[in-house]
Amino acid sequence: MTAIALHPGAERRSFDWIPILVGVLTMATTLVFLVYPLVCAIGGAFVPSGEPLALENLTLGNFERFLTSTSYKRAFWNSLVVGLTATSLATLLALPLAYAVARVDIPFRRAIVALAVLPLISPPFIGAYSWIILLGRNGLITRLVAHVFDVQLPSIYGPFGVITALALGYFPYVFLIVQGALAASDPYVEEAARMMGASRWRILRTITFPSVVPAIAAGMLIVFIKALGDFGVPSILGGEYQVLPTLIYFQIHGFFNLNAAAAIAMVNVALTVGALGVLAWVNRRRTFATITGVARASRRATGSGAKLAAGSYVAVVLLIALLPQITVVVSSFVERWSGNRIPLIWGFGNFARVLTNLNQPVINSLILGGTATLVCVVFGTVTAYYVSRKRFFGRWALDLTIMLPFVLPGLVVGVAYLVGFNDGWIVLTGTATILVLAYFTRRAAYIFRSVQAAVGQIDGKLEEASTLCGANWATTMRRIVVPLIAPAILAGAILVFATLLGEISVTILLFSAKWKTISIAIYEYVISDELHNASAMGTVAIVMTLVLVLGASRLVGRSMSEMFRSWG
Amino acid sequence: MNARSLRVGGLTKRFQLPSGDILAVDGVTFEVAEAEFFTMLGPSGCGKTTTLRMIAGLESPTSGTIVFAGQDYTRVDARHRNIGMVFQSYALFPHLPIFENVAYGLRVRGMAADDIQKRVTRILDLLGLGGLAERHPGGLSGGQQQRVSIARALVYEPGMLLLDEPLANLDAKLRVQMREEIRRIQRELGIMSLYVTHDQEEAMSVSDRIAVFNLGKLRQVGRAEEVYSTPATPFVADFIGKANFLEASPLGEGRFRLTNGTTVKPRLALGLPADEADVAGFDTVVMLRPERLRIDTAGGKVPCRILRRQFLGGIIRYSVEAEGAKLALTVDAPRDIAGTGEGAQAFLDFEERDAIAYASGR
């Protein structure tokens, strides 16, 4: 038999330079856009305002204010209180919900899980100002109650409003993670306990609950970190009640005191790191692996009493949690709301006004979000592929890039970028580039994780088979690997883009007049009390993110809830 | 060996792991002739798959050479070797239909579309996959996926075909059927094939020659009959078929004394010094195949007690404890013998020409 002429003469194996390039690129990116600004910010925190970073200027003065200044002390304790209570409230809401959905045979379970993701998709500050529409001084419910019962409701502004809005905005993290763990846990273990004569309550207490403690802890940690770093909600609902992020914003916006802001940011991060430590401790004390990978789903209660109770609870929680989104959409169609209970004039006037006069923020958001998404896709895909397939020496840098933005609140990244890129080697403040880069550091992990999971699903032998068929690296990538991970890339990209549309905590520090985004526009409307315009803009953002995320979930054949669950 | 043969010389692969180095393949040397079906056999971790992957170009050898058809392949990139490979997991491209999976190697070579059509159709027909061209791999049975994988590896007429445990994921019946089919196609195309398996029956049934690996070293190469009847080491004897070992001490002149005092003169003594004077003091074993042992109630070379008797249809399998030898032996007898129930006392007997003595190294 005659061999088909392939390559005349055997060619030498070429030097494999790609892993080295990827390693160098990853490290350079991490050093310049993450480590450098962070080091600048840390350094800045130990230098008095306006002084250059030098040995003789080092001082603890910026931290001293946490002992001397009333507003600093208050902000610190408020942050801690808000973080802990919002996390507890979110957990109290989420645990029964998770149990009801995972273990009671209630109808529409898939729809419920999908709906529960909605608060995560639309930024919580959009929810925050809808509480003003409902419960503010002139709010719908406030007025209704005042009219019917002649009672003045307590103010929504302050800790009560902040905690409620944060808990309702972030509880789905606990819900999704715990529900996933409950649904996946081995049913035979509980059956074994029942065979040994344990009561239902005893099983719940001694078997079921301990087995999901790590999941609960992980969910609570995410809520705590998110609540601690949230800027939008306390700045809208906080009023005089300051927390660390609003204090940072105040230092920068009021005094442009970057050094003070950096010090506060460090304290904020210290709290987050402390929470991570607690999680690690909880998980170390309970090290049990799931012993079996049982394909069988866990049992669900089918009694009508249990179904009714669980169903009602789920309905009530979901209604309250989604009330902000519903309110925003409804109120965006209200043109005038003079006087009484019912809105008087309905129409598209808000949209017309917002979109004709202020279409620039929408365009800006699309440009900034789109560019940042593109950068994330390239970086995230290449690194995820190489982490899964090859060993390369920049591993630590990559882990840092993936983990750090998760720990750092957006406002902290914002401060670091302000400090790092305001003067010195690279000056970027006020440009679109700084926003794109900040978005990139905050979101690259989404693509990375999505693609890493997808590459993990692909048998490495596929690439070997392609090579043995005679294909070079580029052909193997183009014809085998990329088609197989394309859905994961696209889904990750859509999630990045969608969540960037509502990004406020980084944007608020780094935007310039020319590069105002949708979220900033909404924020400014809310601050200047133009709630209907804010609602119109908010509806645009909610609808855009919803459409995008639904599209993403359809593409990968995974539900939105699974995508969010994997972030924990 | 002829001009189109494969010569592997001193092939060595050292893996560097954080926990220390592992010598996965240790100085392996062999030659495979054109159109030969050559099987690398051994337990898992013996280095057979690593050897195959080095021949494929998927691993680079630490040292040693791979020469195919007179050309040094040692440092040639895998994609330039013109080798077909069948993986245990099949490694079919899940997003491409069967036709495109098979056509892949031809498209990479830039072949004209109608030539591709012709070749792919021909190879699919050869493997009985004619009607499946438009289907995707996910919709195929394990056996069908395996055929596609073979078709994909053969369609560009590679210089050799490598098969890495290709039947391991199939059920027992299909395994037997597929191995016959692989052998048929290999003969029909006359392609040199290197086959990796840990299943000695599979190896013996299809191979021209078998290479037995253990702990990274090549222990023996030969036809199935040779390897079975004259295993080079106790390991090979035990791995290929069943083997019984009786402890013995060398007496010189090819004679050995068993622990019960019986003296035997086996057909061969392997691993012992050539000089008779140095033989004394060596620990040795005498190896006997179960079907070469006889059980006799009247008398024989070694007295024994029957521990277990299993009726298996064609044969009756006895587990016995030879007195003094303190070993569990297996005896395959063609028919029942009166007075050989469990617990009975009997004798083992054998022909001296069926025994082989080894330096036991224990």
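FYI, it's all coordinate maths here, none of it is from the lab. Since the model is a prediction, treat every value here as computed from it, not as a measurement. Cβ sites come from the backbone with ideal geometry, for glycine too, and all protein chains shown count toward neighbours.
Only one residue of A:I207, A:Q242, A:F255 has its Cα farthest out toward the positive end of the dipole of the range A:180-290, where Lys and Arg carry +1 and Asp and Glu -1 on Cβ, and that residue is A:I207. Rounded to two decimals, the Cα-based Rg/Rh of the range B:242-359, with Kirkwood Rh, is 1.01. Look at the stretch B:82-89: the mean tally of other chain Cβ atoms within 10 Å of its residues' Cβ atoms is 4. Working from label points 7 Å from Cα in the Cα-to-Cβ sense, the A:A315 to A:V39 distance is 6.0 nm. Think of it as helices only: each DSSP H run of n ≥ 4 in chain A is worth -39500 (n - 2.57), and spread over all residues that comes to -23500 deg cm²/dmol at 222 nm. Restricting the calculation to Cα atoms, the protein assembly as shown shows an Rg/Rh of 1.10 when the hydrodynamic-style radius is the Kirkwood one. Enumerate by residue number the GluC sites (Glu not before Pro) in the range B:213-267 meeting two conditions: DSSP loop (anything except H, G, I, E, B), and at most 16 other Cβ atoms within 10 Å of the site's Cβ. Passing both the DSSP loop test and the Cβ count: B:E253. Largest GNM mean-square fluctuation across B:A269, B:A112, B:A232, computed for chain B with C-alpha springs under 10 Å, falls on B:A112. Neighbours of A:Y525, meaning other residues whose beta-carbon lies under 12 angstrom from its beta-carbon, give a summed charge of -1 when Lys and Arg score +1 and Asp and Glu score -1.
Put a plus charge on the Cβ of each Lys and Arg, a minus charge on the Cβ of each Asp and Glu, and nothing anywhere else: the dipole of the range B:6-235 about its Cα centre is then about 280 debye. Each of B:V285, A:V178 has some number of other Cβ atoms within 10 Å of its Cβ, and from fewest to most they run B:V285, A:V178. Shown for B:S141, A:S69: other C-beta atoms within 10 Å of each C-beta, ranked fewest to most, produce the order B:S141, A:S69. Taking the Cα centroid of the range A:436-476 and of the range B:103-123, what is the distance between the two, rounded to the nearest whole Å? Here the two parts' Cα centres lie 28 Å apart. Arranged from fewest to most other beta-carbon atoms within 10 Å of their beta carbon, A:V151, A:V330, A:V47 become A:V151, A:V330, A:V47. If you take all other residues with their beta carbon under 13 Å from the beta carbon of A:A262, and give Lys and Arg +1 and Asp and Glu -1, the sum is 0. As a length-normalised measure over Cα pairs under 8 Å and 6 or more apart, the relative contact order of the range B:6-235 settles at 29 percent.
Mean separation of Cα pairs under 8 Å and 6 or more residues apart, divided by the residue count, gives chain A a relative contact order of 22 percent. For a straight C-alpha distance cut-off of 20 angstrom, the aspartates and glutamates reachable from A:K516 (same-chain residues fewer than eight places away being disregarded) are A:D230, A:E503, A:E524, A:D529, A:E530. Roughly how tilted is helix B:142-154, in degrees to the nearest 10 and between 0 and 90, from the longest Cα axis of chain B? So the inclination is approximately 70 degrees. Counting, for every residue in A:457-466, the Cβ atoms of other protein chains within 10 Å of its Cβ and taking the mean gives 6. By the rule of a C-alpha distance below 23 Å, with chain neighbours fewer than 8 residues away ignored, the lysines paired with A:K461 are A:K390, B:K13, B:K48.
How big, on average over all directions, is the shadow cast by the Cα convex hull of the range B:6-235, in nm²? One quarter of the hull surface, i.e. the mean projection, equals 13.4 nm². Placing a label point 7 Å from the Cα of B:A33 along the Cα-to-Cβ direction, the residues of the range B:226-245 whose backbone N falls under 16 Å of that point are B:226.
Projecting the Cα atoms of A:A116, A:A181, B:G45 onto the dipole axis of the protein assembly as shown, where Lys and Arg carry +1 and Asp and Glu carry -1 at the beta carbon, places A:A116 farthest toward the positive end. Positive end of the dipole of chain B (Cβ unit charges, origin at the Cα centre): among B:I98, B:M287, B:H80, the Cα lying farthest that way belongs to B:I98. For chain A, the membrane-span-like helices by this rule, meaning whole DSSP H stretches whose C-alpha atoms cover at least 20 Å of axis and whose Kyte-Doolittle mean is 0.5 or above, are A:70-103, A:159-184, A:209-229, A:258-285, A:304-332, A:359-389, A:432-457, A:482-501, A:531-556; this says nothing about an actual membrane. Ignoring lysines fewer than eight residues from A:K226 along the same chain, the ones with Cα atoms less than 22 angstrom from its Cα are A:K73. Between A:E240 and A:I141, the FRET efficiency from the beta-carbon distance, with R0 = 22 Å, is close to 0.45. Take each residue in B:158-168, count the other chain C-beta atoms within 10 Å of its C-beta, and the mean is 1. In this Cβ point-charge picture (+1 for Lys and Arg, -1 for Asp and Glu), the protein assembly as shown has a dipole of about 1720 debye about its Cα centre. The residues packed around B:G128, meaning those with a beta-carbon under 9 Å from its beta-carbon, carry a net charge of -1 if Lys and Arg are +1 and Asp and Glu are -1.
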